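The values are calculated or read from the model by the stated rules, or taken from the named source; none is laboratory data. Given the structure is predicted, the values throughout are model-derived calculations rather than measurements. Quick reminder, even Gly has a Cβ in these numbers, built from the backbone with ideal geometry, and neighbours come from all protein chains shown.
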């Protein structure tokens, strides 16, 4: 139980730090906090920022929930946990989830999530990910972003970055569009070890992924927030946000899990953008910046080069 | 094979009639046609209207596709067809699908779909539905709409309207919001009979559902298109469209079926609105028109009273 409290406390502090950094980078809007409780056990604090100078809509959510391990986690299928779990099992899950939709189409959308899950049967898992969705892919920014993630990974295990980068390419993918959501990042799940020392090292890596979010995104904001744009760029941003909605509502496992487990709907869907557009069969002009970006929404691109 | 051709021809004529009626009601924009072919067999013609005087974005799609019956139709589950189907089975499916998103929040969104499905194993099914999604529920309009549907139903079978109205309430429902999508309408599926005379009667009913769409919606346009509205109403419309997107991407079986069977994505997603908004935890003011509408987004309301 001490570990549950420690990890939740650490995540709440991370939420505080990230919100402060984002407020400072925004310069106008402040986060509003919504505390909520879950009937079956636990709760969270959702922090929402709206109509900022830089951020149009963003959410930084913390939650720590517990209860009877949901039945579908014991079944076969994509959420299946393992045969380690029995019918009397209880679970505890805590995490921080972030999605930021900027005002300017020149500033990328970012997502970060780190989560910890354990059951009374002895299962304990770390998971997480960060991915960047630029409306216009800028290769220098992409390199900066992937380098920041690689640095954290390499410090802990040289196998992490290549493995988790590929995992992100596969996860943040929209099959019906044959497009990646953006330029990827890292994604990992079910990191664990029975050896306490190894687990502590995994935990340290996981924490650093969380800590690298604010400085990395704040730098990307600084680099791009004053860039000029016009109506074309704004329209393209609304269309790219449409793809973001398609990914989140059709494929994102966190969203699906939330909807299926009767989660707090406003907290689950705080990832959705404020203004979005769908236009029938929009095809970018030949040799446009939009076409160039579409061409880069593919798996397996090495942005470190 | 003659029946396949007859029913497709009839559906294409229905598409023509509906597009003409909508163009006339709009008075400014015309439908643009996109013909497409399906690699595995068949194709369709998508008709799109954009930025009209009345219609902001709308699609009237026809398709007639055939091929090897998809494996998942033979499995257990929501799309399961039945044990009537064997491995060598081929299928044919044709239909017309419509979603219209008006410019004005005072004009309701409408959806209509009628479809026919058959397999080489002797399965033949009629399905369809019409449902109305007013941004503001107007009880007189709701009564007019449900009366039009009841009239068609009653002409064929007095059991149809109550059964298909309830089916629509259950189908056009957003569980995670605990809201219906709108004021419902009728929904039915797998209507069939081995007796040819009975099947012909069912087919006549199904055709009349298709034919009742244009006059009913055109009347609703006429009643509401000149009503005044302001920024509040426009914002509420964008939020209600968000719910429409949530329903279509998370729950709608037609959309899911299309995404899972590698359907033509732009035709599947032509149901999505042009401009949409999500705002965190939007709660309408006490005793507002918006609150009143929310209170009516429930199953089981009898609008005929």
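Any idea which of (1) surrounded by fewer than 23 Cβ atoms within 10 Å (Cβ to Cβ); (2) not in a loop (DSSP other than H, G, I, E, B) is the one residue A:177 doesn't satisfy?
Just one mismatch for residue A:177, condition (2).
Checking the condition part of a loop (DSSP other than H, G, I, E, B), modelled with pLDDT of 95 or more and crowded, with 17+ Cβ neighbours inside 10 Å, which residue from A:280, A:217, A:244 passes?
A:280 is the lone residue from the list that is part of a loop (DSSP other than H, G, I, E, B), modelled with pLDDT of 95 or more and crowded, with 17+ Cβ neighbours inside 10 Å.
When residues of segment B:246-284 are filtered for being more than 30 Å from residue B:43 (Cα to Cα) and within 14 Å of chain A (Cβ to nearest Cβ), how many remain?
Just the residues of segment B:246-284 that are more than 30 Å from residue B:43 (Cα to Cα), to begin with: B:277-284.
Filter once more, so that each one left must be within 14 Å of chain A (Cβ to nearest Cβ): B:277-283.
Here the count works out to 7.
When you check residue B:111 against the structure, is it within 14 Å of chain A (Cβ to nearest Cβ), at pLDDT 95 or above, touching a helix residue (DSSP H, G or I) at 6+ places or on another chain (Cβ under 8 Å) and surrounded by 19 or more Cβ atoms within 10 Å (Cβ to Cβ), yes or no?
In short, no.
Please verify whether segment A:151-160 includes one or more residues that are within 23 Å of residue A:271 (Cα to Cα) and surrounded by fewer than 22 Cβ atoms within 10 Å (Cβ to Cβ). First the steps, then the outcome.
Here is the first cut: in segment A:151-160, the ones within 23 Å of residue A:271 (Cα to Cα) are none.
Within segment A:151-160 (the criterion being within 23 Å of residue A:271 (Cα to Cα) and surrounded by fewer than 22 Cβ atoms within 10 Å (Cβ to Cβ)), the answer is no, since none of the residues qualifies.
Mind checking which residues of segment B:221-241 are within 11 Å of chain A (Cβ to nearest Cβ) and either in contact with a helix residue (DSSP H, G or I) (Cβ under 7 Å, 6 or more places away or on another chain) or surrounded by fewer than 22 Cβ atoms within 10 Å (Cβ to Cβ) (or both)?
To start, the set of residues in segment B:221-241 that are within 11 Å of chain A (Cβ to nearest Cβ) comprises B:235, B:238-239, B:241.
Passing the criteria: B:235, B:238, B:239.
What tally of residues in segment A:23-56 results from selecting those that are within 18 Å of residue A:258 (Cβ to Cβ) and surrounded by 14 or more Cβ atoms within 10 Å (Cβ to Cβ)?
Of the residues in that region, 11 qualify.
Tell me, yes or no, whether segment A:129-143 has at least one residue that is out of contact with any strand residue (DSSP E or B) (no Cβ under 7 Å at 6 or more places or on another chain), at pLDDT below 95 and assigned to a loop (DSSP other than H, G, I, E, B).
Looking for residues that are out of contact with any strand residue (DSSP E or B) (no Cβ under 7 Å at 6 or more places or on another chain), at pLDDT below 95 and assigned to a loop (DSSP other than H, G, I, E, B), one finds none in segment A:129-143, hence no.
Strands (runs of 3 or more DSSP E) wholly in segment A:17-68 with at least 1 residues that are within 14 Å of chain B (Cβ to nearest Cβ) and within 18 Å of the chain's Cα centre (by Cα) - which ones? Reasoning before the result, please.
Working: elements: A:32-37, A:42-50, A:55-68.
Hits in segment A:17-68: A:42-50, A:55-68.
Please name all residue pairs, on different chains or six or more residues apart, with Cβ atoms under 8 Å, provided the first residue is in segment B:1-12 and is in a helix (DSSP H, G or I) and the second residue is surrounded by fewer than 16 Cβ atoms within 10 Å (Cβ to Cβ).
That search, which allows pairs on different chains as well, returns nothing.
Away from chain A (no Cβ under 14 Å), at negative phi and in contact (Cβ under 8 Å) with a residue 40 or more places away in the chain, is that true of residue B:208? Don't jump to the end; show me each part of the working.
On the way: away from chain A (no Cβ under 14 Å): yes; at negative phi: yes; in contact (Cβ under 8 Å) with a residue 40 or more places away in the chain: yes.
Here the answer is yes, as residue B:208 does meet what is asked.
State all residues of segment B:94-120 that are over 19 Å from residue B:42 (Cα atoms), more than 16 Å from the chain's Cα centre (by Cα) and touching a residue at least 60 places away in the same chain (Cβ under 8 Å); if no residue qualifies, say none.
Of everything in segment B:94-120, those that are over 19 Å from residue B:42 (Cα atoms), more than 16 Å from the chain's Cα centre (by Cα) and touching a residue at least 60 places away in the same chain (Cβ under 8 Å) turn out to be B:104, B:105, B:106, B:107.
Can you find a residue in segment A:187-201 that is in contact with a strand residue (DSSP E or B) (Cβ under 6 Å, 6 or more places away or on another chain) and without any contact (Cβ under 8 Å) to a residue 60 or more places away in the chain?
Yes, segment A:187-201 contains a residue that is in contact with a strand residue (DSSP E or B) (Cβ under 6 Å, 6 or more places away or on another chain) and without any contact (Cβ under 8 Å) to a residue 60 or more places away in the chain.
Pull up segment A:273-293, narrow it to residues that are in contact (Cβ under 8 Å) with a residue 60 or more places away in the chain and in contact with a strand residue (DSSP E or B) (Cβ under 9 Å, 6 or more places away or on another chain), then point me to the one that is nearest to residue B:270 (Cα to Cα).
A:275
Quick check: anything in segment B:285-305 outside any helix (DSSP H, G or I), away from chain A (no Cβ under 14 Å), modelled with pLDDT under 95 and within 30 Å of residue B:188 (Cβ to Cβ)?
Yes; the residues of segment B:285-305 include at least one that is outside any helix (DSSP H, G or I), away from chain A (no Cβ under 14 Å), modelled with pLDDT under 95 and within 30 Å of residue B:188 (Cβ to Cβ).
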